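The values are calculated or read from the model by the stated rules, or taken from the named source; none is laboratory data. Quantities reported herein were computed from a predicted structural model and do not represent experimental measurements. Cβ placement follows ideal geometry from the backbone for every residue including glycine, while neighbour counts extend to all protein chains displayed. Ligands, DNA and RNA are excluded from the accessible area calculation, which covers all protein heavy atoms including side chains. Shrake-Rupley method; radii C 1.70, N 1.55, O 1.52, S 1.80 Å.
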Amino acid sequence: MANQEAAEIQISELDLLSSMFPYEEEFAVTDQLALAELKHYVENESAEVPSSKVQFILNIKTEVPNASTVEFSISCALPFKYPSVLPEITVRSLLLSRSQQILLNSDLKTYLMQNFSGEPCVLSAREWVKDHAAAYIDKDLSSFSMAASDATKSEVTTFTRLWIYSHHIYNKQKRKNIIDWAKELSLSGFCMPGKPGVVCVEGLQSSCEEFWSRIRRLTWKRILIRHREDVSLEGGGHAEIQKQRKFPTLEEKCFDAHGARGHHMDLGQLYNFLEEKGCADIFQMYFGVEGHSRG
């Protein structure tokens, strides 16, 4: 399936979801920039391929046998090649234990793998959750402990590196947030303030996504994920994650600031820094030109 066709199918499905579930408590796109990038790509065939996945949440309320109502939250991310590949879906509920949640998500994935290939399936996944999810709350975990334990063992840890681009980063509070939140979430990387602003964070996928969720809620002229790297680590523990890191901690990097207010960084020095870290190819993704070392 061509990229253009996949993008058009994604937009059609998102439009359908929006019309079926008009209220934000039922359906909400959590990354509006990614959606805007996707629409721009469809409308301008020559536009660059979107750098981030469209992410959204579907909330479902369903009855459980004792007549109470339970809410399930379905977090979805559409890889750019969707629907040729399956969407990334995670179902959560406050009433699910960790083991129950693992079982539910594992069974949902099996259902999708067995029944869908190359066609939109978010609505079908929602229907499956609506019909089956409540039953997992009542599952006697003693009889499922082996399965849950196996599911936990086979759970893949994903290491993620996000390359974030901002029109500018001047504000001292935002710069403090970037450092503090990265520390809180055990993320490493660097932040280059000024115009443009560059932020790289790396660590557990869930931590990177939480960081992005917080950052993008702040007020920006423009901010987006320019590039994303995901590495699957089978049973990845702390040592495996540390091995993937290119940066020891997250620190602010200023490269010979110049300009009237010292806001424009020396991009040649940024290139040298990226080259030292084995990330020189990122420079072209950010600035559209190849960087050169400065002796």
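General observations
- Subset of the stretch 250-293 [outside any helix (DSSP H, G or I), at pLDDT 85 or above and not aliphatic (A, V, I, L, M)]: Glu251, Glu252, Lys253, Cys254, Lys277, Gly278, Cys279
- Residues that are touching a residue at least 40 places away in the same chain (Cβ under 8 Å), closer than 18 Å to Ile215 by Cα and either in contact with a Gly (Cβ under 7 Å, 6 or more places away or on another chain) or open to solvent by less than 60 Å² (accessible area, probe 1.4 Å) (or both), drawn from the stretch 16-36: Thr30, Asp31, Ala34
- The set of residues in the stretch 171-204 being under 17 Å from the mean Cα position of the chain (by Cα) and surrounded by fewer than 17 Cβ atoms within 10 Å (Cβ to Cβ) consists of Ser186 alone.
- Pick from the stretch 63-98, criterion open to solvent by less than 20 Å² (accessible area, probe 1.4 Å) and assigned to a strand (DSSP E or B), ranking: nearest to Thr110 (Cα to Cα): Val91
- Here Met20 passes the criteria (1) at pLDDT 90 or above; (2) within 28 Å of Tyr165 (Cα to Cα) except the one numbered (2).
- Any pair with Cβ under 6 angstrom, 6 or more apart, that starts in the stretch 209-221 at a residue that is in contact (Cβ under 8 Å) with a residue 60 or more places away in the chain and farther than 13 Å from Gln32 by Cβ and ends at one that is surrounded by 12 or more Cβ atoms within 10 Å (Cβ to Cβ) and of a type in the set (A, V, I, L, M): none
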